[in-house]
Structures are given as structure tokens and as C-alpha cells.
Amino acid sequence: MRGKFITFEGLDGCGKSTQLEKLAAVLRVRGIDVVTTREPGGTIIGERIRAVLLDSRTAGLDPHAEMALMFAARAQLIAEVIAPALEAGRWVLCDRFTDSTEAYQGGGRQLGSDAVLQLHRVLCGRLWPDLTILMDSDVSSSVGRARRRNLAATEETPDENRFEKESYAFFTRVRNGFLELAKREPQRVVLVDARPKLEVVHPQIVRLVFERLIDTGDKKATPA
Ligand code: TYD
């Protein structure tokens with residue numbers, strides 16, 4: 001029995017990483033074998049690509065090169081982590097996936113959705129999440145939170161400020177990109193308002209996952 005694949009999406013600083021960990025804890029209590037991972041990164045090679053992509057000293061990176069590197073990290077993550085886990089019946093919770101490329105490179109960098117979806121077809125095949133939780137938030141508050149978090153980073157933590165330096169207009173295009181793809185794929189992508197406190201958002205996400213993937217009447221999907 002193949003495992004379920006759940007992704008979290010949203011603007012920088014929307015709280016998705018915290019929500020992902022909280023959902024993983026609930027699923028584990030239910031006896032589900034959960035793997036958590038993130039993009040770009042999640043493998044040794046992918047984390048090296050992440051360092052190139054996010055370091056604010058990576059100046060002059062061409063938008064197409066940026067998109068290709070996002071997919072390079074993703075292809076490695078699928079081969080090493082996601083596909084083997086799903087085949088073994090484990091559930092995979094991933095912080096970002098191709099929807100981020102569509103929103104950031106397709107929308108933010110204005111490369112368009114088609115290029116992203118074509119690359120996905122070639123490099124990721126038919127692998128799409130069973131469920132995507134899109135955490136929607138205001139551009140100014142979420143990006144402000146991400147900037148403060150990264151500025152507070154210490155000497156030992158990596159510089160991950162390159163995207164945080166982008167303009168309000170860039171992040172508005174990213175947000176619109178997310179909202180458009182959610183409209184296009186309502187079966188897979190569920191919008192969650194990320195603005196309330198995390199204790200308010202968490203039970204909504206749990207309910208959503210149970211409704212969509214566990215209490216579906218599909219006995220095989222119900223964990224022991
Ligand atoms: P992430 O670690 O999720 O940052 P945050 O916790 O601030 O949300 O993602 C790193 C950055 O990479 C983020 O600014 C979004 C960007 N990104 C893309 O531009 N395209 C992609 O395909 C992915 C996966 C991430």
C-alpha cells in the first residue's frame with residue numbers, strides 16, 4: 001500500500017514548517033510512519049544546492065538557472081527520499097514542492113507556469129502530492145517575519161536571505177501564483193488562512209487531513 005504524500009506551501013514566514021511538524025506528531029500518534037523533509041534540500045546533494053540558491057551572496061543567478069537548480073534538488077529528493085518512502089508505505093510530509101516553483105519562478109520571476117509544469121513532467125514524472133496545504137497570509141506580515149527570523153540567525157547558521165531581499169511586488173506575484181494554482185486544482189490544493197494563531201490553524205489542518213486522507217471510507221488508508 002503506497003503511502004500518502006502531503007506538501008505544505010505558502011509565502012516565506014507563513015508558519016508552514018511549524019505546522020508540518022505539528023501534523024507529523026499527530027499522525028505518528030495515530031501509528032502512521034511519517035517522513036518529513038523540505039525543499040530545496042532534504043538530501044546531502046540537495047542541501048548543497050540549497051546553499052547556492054538561498055545564500056544572499058549568490059548574486060546574478062539567472063532565473064532559468066534558479067528554476068533548474070530547484071528541479072535538480074527536487075529530482076534528487078524524489079529519487080533518494082520521496083519515492084522510496086511512498087513505495088514502502090510511509091507518509092511523506094514535504095515543506096514545499098513544485099507549487100513553490102510555479103509561484104516563485106513561474107509567478108515571482110515571471111517565467112510562467114507552462115515552463116514549470118513541463119519541467120515537472122520531464123523530471124518528476126507523474127508524482128504529485130495527494131494533498132497540498134496552501135497556507136495563505138499577507139505579504140507584508142509573513143515576509144517581515146521571515147526577514148526578522150533570518151536577520152536573527154547567528155554566525156553558525158547559514159545565510160538564507162536571498163529571497164527575503166525581494167520586493168513587495170515580487171511576493172505579491174508569488175502569492176497570486178499560489179492562489180491561481182489553488183483555484184486550478186481544488187481537489188488537491190486546499191487553502192488555509194495562516195493568519196490566526198498557530199494553535200488555531202493546527203486543528204484545522206488536522207481535520208482537513210483526516211477528512212481527505214484518513215476518514216475517507218477507504219479502509220486501506222486507515223492506519224492500524
Ligand atoms: P523555505 O526554506 O521554505 O523558506 P521559508 O521558511 O522562509 O519559507 O524556502 C526557501 C526559499 O526558496 C523560499 O524563499 C522559497 C524559495 N523557493 C523557490 O523560489 N522555488 C522553489 O521551487 C522552492 C522549493 C523554494
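What the table shows:
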| item | result |
| --- | --- |
| Least to most buried among Cys94, Cys124 (fewest other Cβ within 10 Å first) | Cys124, Cys94 |
| Segment 6-50, Rg to Rh (Cα coordinates; Rh as Kirkwood inverse mean 1/r) | 1.03 |
| Span per principal axis, largest first, for the Cα atoms of segment 26-96 (Å) | 47, 21, 18 |
| In the chain, lysine pairs closer than 18 Å at Cα, eight or more apart or cross-chain | 5 |
| Those residues of segment 73-116 whose amide nitrogen sits under 11 Å from the label point placed on Met1, 7 Å along Cα→Cβ | 89-90 |
| Cβ-based exposure ranking for Phe97, Phe163, in which fewest neighbours within 10 Å come first | Phe163, Phe97 |
| Selected from Thr172, Thr157, Thr101 as most flexible by GNM, with the chain as the system and alpha-carbon contacts under 10 Å | Thr157 |
| For segment 98-103, 3J(HN,Hα) per residue [Karplus equation, 6.51 cos²θ - 1.76 cosθ + 1.60, θ = phi - 60°, Hz, x = Gly/Pro] | 4, 4, 5, 5, 5, 6 |
| Value of [θ]222 nm, deg cm²/dmol, for the chain, DSSP H segments ≥ 4, -39500 (n - 2.57) each, nearest 500 | -14000 deg cm²/dmol |
| Label-point gap, in nm, between Arg184 and Leu123 - each point 7 angstrom along Cα→Cβ | 1.7 |
| Sequence-distant residues sharing a close amide H with Val35 (under 5 Å, placed H) | Trp91, Val92, Leu93 |
| Separation between Cα centres of segment 1-20 and segment 141-193, rounded to whole Å | 13 |
| Per-q log10 I(q)/I(0), segment 145-198, q = 0.22 Å⁻¹ (Debye; single scatterer per alpha-carbon; no solvent) | -0.96 |
| Gained length - Glu166 relative to Asp33, 0.36 nm times residue gap less alpha-carbon distance | 44.1 nm |
| Rounded to whole Hz, the Karplus (6.51, -1.76, 1.60) HN-Hα couplings of segment 107-112, x for glycine and proline | x, x, 8, 6, 8, x |
| Arg2 long-range amide H proximity, modeled H, under 5 Å | none |
| In segment 110-203, trypsin sites (Lys or Arg not before Pro) in a DSSP loop with at most 13 other beta-carbon atoms within 10 Å | Arg126, Lys197 |
| Distance histogram for segment 5-213 (every C-alpha pair counted, 10 angstrom bins, percent rounded to whole numbers) | 8, 35, 40, 16, 1 |
| For the chain, the longest site-free run once GluC sites (Glu not before Pro) in DSSP loop states with at most 13 other Cβ atoms within 10 Å are removed | 1-154 |
| Hydrodynamic radius (Kirkwood) for segment 115-224, which is based on Cα pairs only, to one decimal in Å | 16.9 |
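Read-outs: derived from the displayed coordinates by stated rules, not from any lab. Predicted, not measured: the structure shown is a model, and the values here were computed from it. Reconstructed Cβ throughout: ideal geometry from the backbone, glycine too, with neighbour counts over all protein chains shown.
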